[in-house]
Structure formats: C-alpha cells, structure tokens
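Okay, structure first, notes after.
The values are calculated or read from the model by the stated rules, or taken from the named source; none is laboratory data. Predicted model, so just to flag it, every value in this text is computed and none were measured. Ideal geometry is used to build each Cβ from the backbone, glycine not excepted, and the neighbour counts take in all protein chains shown.
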Amino acid sequence: MQANPTISIALLISTYNWPEALELVLAGILKQTRIPDEIIIADDGSREETKKLIEDFKSRHNLNIKHIWQEDKGFRKSLILNKAVKNITSSYIVEIDGDIIIHPHFIADHLKAAEHGFFIQGSRVMIKEDKAREILKTKEINFSIFSSGLYSRFNALRSPFLSRLITFIPSNPFHIKACNIAFWRKDYISINGYDNRFEGWGGEDYEFAARLLHSGIKRKRLKMAALGFHIFHNDNSRNNTLPNDKIYRKTIADKSITTSQGYTEA
C-alpha cells in the first residue's frame with residue numbers, strides 16, 4: 001500500500017530545554033522521503049537557546065515551521081500539546097518527543113499506515129548512553145540494525161513487507177508511547193485532546209489513548225516501520241505520579257471519552 005499523497009500531515013514535536021537533541025531531530029526531518037506539510041514545535045518553556053536554534057533552522061530551510069512556547073511553570077506537556085494542535089491545519093498528526101531521531105522513511109511509513117478509525121503507534125529504538133553522547137557530539141544520525149550502541153535492536157529493522165504481516169491491533173491503552181504516535185486531527189478534537197490536569201512526568205499518553213479507544217478509535221501498533229531512535233537521557237522526576245495515575249484510573253473506570261480540561265480550554 002502506498003502513502004496517500006492527498007493527506008496533509010503535521011509533525012508535532014514536544015521539547016523542553018534540550019536544544020542539542022532537538023538539533024538532531026530537526027536534522028532527521030531534512031532526510032525524509034516525504035517532508036511533512038507542517039512542523040509544529042510544542043515548547044514547554046525552554047530557554048532562549050532553543051528559540052535561537054529553531055529560528056536559525058527556519059532561516060536555512062524552506063519548511064513550514066511553527067514554534068509554540070509557553071512559560072516554564074513545571075512539566076505541563078499536555079497543555080502545550082493542546083496549544084500546539086490549535087496551530088495545526090493538517091488533517092493527520094504524527095507526534096514525537098524532542099529526543100526522537102526519525103528514520104528517513106518515518107513520515108512515509110506513517111502515511112502508509114494511516115487509516116480512518118485508527119491511531120498508530122510506531123516503533124522505538126533505544127540509543128544507549130555512550131552512543132547518545134557520541135552522536136550529540138558528532139551529529140551523525142544514520143542508523144541501521146547493525147549500528148553500534150543500540151538496544152531493542154530488533155526495532156531498528158525496517159521491512160515494509162514484514163511490517164504488513166506483523167502489525168498488531170491491541171485493545172488496551174497500556175504501554176502507549178506518545179514519543180511516536182499518529183492520529184487524525186478530527187479524532188483528537190473529538191475527545192478534547194490531552195487532559196490539561198496532567199502535570200509532572202507520566203500518564204498523559206495512556207489517558208489520552210484510553211479516551212480514543214473508548215470513543216471507538218482502534219489502536220494499530222507497527223513493527224519494522226515508522227522507526228524512531230530515542231536518545232538516552234536520565235529519567236524525569238516522578239513526583240506527581242500518584243495524582244496523574246488517579247486521573248487515568250478514573251478515565252478507565254468511567255470509560256470516559258472526553259475531558260472538561262483539554263484542547264478547548266487550552
């Protein structure tokens with residue numbers, strides 16, 4: 001199945017105070033066989049270095065880039081994502097984190113998998129700590145299954161033929177990783193986007209996926225396609241895990257489809 005050229009697609013990138021990683025992410029966009037129609041950077045309060053990086057990148061490349069920034073008042077990823085999506089006009093959105101280097105066929109693979117009634121989970125390859133330090137210095141971002149410094153190495157194999165044979169359609173929201181996820185903008189809006197009450201690391205992607213599933217949108221999980229390479233970093237603080245988990249568990253218990261504090265309220 002070929003990618004549908006009529007679908008407009010936005011790449012949504014969340015970031016916070018790591019311009020060195022974001023630089024590699026942006027470099028990966030230039031290697032794409034299908035350039036996204038929009039590049040939206042959802043910035044949760046980064047300092048001036050990130051703004052300068054983005055402005056310099058925009059000045060050197062003829063790409064449709066928007067930098068959506070909010071004041072740093074702690075980890076408020078859900079809120080900045082909702083604000084960013086308000087600036088998207090494309091019908092289809094691929095969301096990654098600002099530490100995910102995308103394979104050259106990443107956007108094309110997501111477009112091939114795009115199907116109404118589904119949201120898509122791509123594959124993630126983990127870059128080890130030593131390798132991460134190396135690429136942040138050298139800016140070398142060409143990876144394959146044979147590259148050194150990777151674990152979950154099987155995920156680094158891209159095979160469109162095999163991918164069609166082993167695509168999964170799980171029925172639960174667990175282990176959803178919004179660092180590599182795609183969805184229709186209309187579906188995002190219909191469930192009112194991410195829940196703004198999530199503050200601090202963790203859980204907002206599970207809860208978002210749960211409401212998509214409750215609304216009747218199925219989950220498609222890709223293997224050997226839509227590969228994202230995750231740059232190693234230390235874990236974020238999990239101080240707010242319990243309040244976030246409470247929101248998630250209520251969504252599951254109530255089979256909630258929407259939230260009163262989401263996209264519309266951002």
- Query: What is the residue count in the range 50-72 for residues that are out of contact with any strand residue (DSSP E or B) (no Cβ under 8 Å at 6 or more places or on another chain), part of a helix (DSSP H, G or I) and within 26 Å of Tyr194 (Cβ to Cβ)?
  - Reply: 1
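Listed here are the residues, each with its yes/no results for (1) in contact with a strand residue (DSSP E or B) (Cβ under 9 Å, 6 or more places away or on another chain); (2) assigned to a helix (DSSP H, G or I); (3) more than 30 Å from Glu199 (Cβ to Cβ).
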| residue | (1), (2), (3) |
| --- | --- |
| Phe75 | no, no, no |
| Leu79 | no, yes, no |
| Val94 | yes, no, no |
| Leu111 | yes, yes, yes |
| His116 | yes, no, yes |
| Ile120 | yes, no, no |
- Message: Give all pairs with beta carbons closer than 8 Å in which a residue from the range 59-71 that is closer than 12 Å to Lys83 by Cα meets a residue that is of a type in the set (A, V, I, L, M) and in a strand (DSSP E or B); count only pairs at least 6 apart in sequence or on separate chains.
- Response: Lys66/Ile39; Lys66/Ile40; Lys66/Ile41; His67/Ile41; Ile68/Ile40; Ile68/Ile41; Ile68/Ala42
- Message: Pull out all pairs, ordered by first then second residue, where Cβ-Cβ is under 7 Å, the residues are six or more apart or on different chains, the first lies in the range 158-175 and is farther than 16 Å from His110 by Cβ and assigned to a loop (DSSP other than H, G, I, E, B), and the second is of a type in the set (Gly, Ala, Ser) and modelled with pLDDT of 80 or more.
- Response: Pro173/Ala209; Pro173/Ala210
- So which residues in the range 122-157 are touching a strand residue (DSSP E or B) at 6+ places or on another chain (Cβ under 8 Å), crowded, with 19+ Cβ neighbours inside 10 Å and part of a helix (DSSP H, G or I), if there are any at all? Lys131, Ile135, Asn155, Ala156
- Verdict on Ile96 being under 29 Å from Gly200 (Cβ atoms), hydrophobic (A, V, I, L, M, F, W, C), surrounded by 22 or more Cβ atoms within 10 Å (Cβ to Cβ) and in contact with a His (Cβ under 6 Å, 6 or more places away or on another chain): no
- Message: Can you find a residue that is under 30 Å from Pro160 (Cα atoms) and crowded, with 22+ Cβ neighbours inside 10 Å anywhere in the range 231-250?
- Response: yes
- Note on the structure: Among strands (runs of 3 or more DSSP E) entirely within the range 178-234, at least 3 residues that are under 26 Å from Ile35 (Cβ atoms), free of Cβ contacts under 8 Å to residues at least 24 places away in the same chain and among the hydrophobic types (A, V, I, L, M, F, W, C) occur in none
- Within the range 5-46, of all residues that are touching a residue at least 40 places away in the same chain (Cβ under 8 Å) and hydroxyl-bearing (Ser, Thr, Tyr), the one farthest from Lys137 (Cα to Cα) is Ser8
